[in-house]
Amino acid sequence: MGELQYDAGRDGFIDLMELKLMMEKLGAPQTHLGLKSMIKEVDEDFDGKLSFREFLLIFHKAAAGELQEDSGLMALAKLSEINVALEGVKGAKNFFEAKVQALSSASKFEAELKAEQDERKREEEERRLRQAAFQELKANFST
């Protein structure tokens, strides 16, 4: 379980989709706009996702009283049950990496599920078309 293990979960970042999942799991679902502004508030390199450094920033801002009480980031800071001051950066890093890993497998799972559903839809569609073609063929023969 080295560092590389986490990169199997993509890239060690939390993107918009993953943040959405994370907030839903924490019981504080956000709108698309809300999620975007959460990321924007701490996205220092403007890549549209949260690195560990930026993730830590959420907790620092929360501790410094720089977050709006009703903001998504505040909810995240409160609900994550991680106290950076107490657990230190290492605890936060473990939390972040575990989250990234869990989220990427969750979003991978959702993507796989969706692919499976799409596949099933396509098969149904093909079956319907085949049946229709067969009916047509039969109709042509019976005249």
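The values are calculated or read from the model by the stated rules, or taken from the named source; none is laboratory data. Fair warning: this is a prediction, and the values are worked out from it, not measured in the lab. Glycine gets a Cβ as well: all are built from the backbone with ideal geometry, and neighbour counts include every protein chain shown. Remember, those area values only see protein heavy atoms, side chains included, never the ligands or the DNA or RNA. Shrake-Rupley method; radii C 1.70, N 1.55, O 1.52, S 1.80 Å.
Structure summary
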quantity	calculated
Residues of the stretch 43-91 satisfying the condition of being exposed (fewer than 12 other Cβ atoms within 10 Å of the Cβ) and of a type in the set (Asp, Glu)	Glu44, Asp45, Glu69, Asp70, Glu81
Residue match in the stretch 29-38 (condition: over 21 Å from Ala106 (Cβ atoms) and surrounded by fewer than 18 Cβ atoms within 10 Å (Cβ to Cβ))	yes
Set Gln101, Gln117: member being within 15 Å of Leu21 (Cα to Cα) and not assigned by the TED database to the domain that holds Glu41	Gln101
Subset tally (residues that are open to solvent by less than 90 Å² (accessible area, probe 1.4 Å) and under 26 Å from the mean Cα position of the chain (by Cα)) for the stretch 112-143	4
The listed residue being closer than 19 Å to Val100 by Cβ, of a type in the set (Ser, Thr, Tyr) and modelled with pLDDT of 90 or more, out of Ser80, Ser71, Ser51	Ser51
In the stretch 25-40, the residues that are part of a loop (DSSP other than H, G, I, E, B) and of a type in the set (S, T, N, Q)	Gln30, Thr31
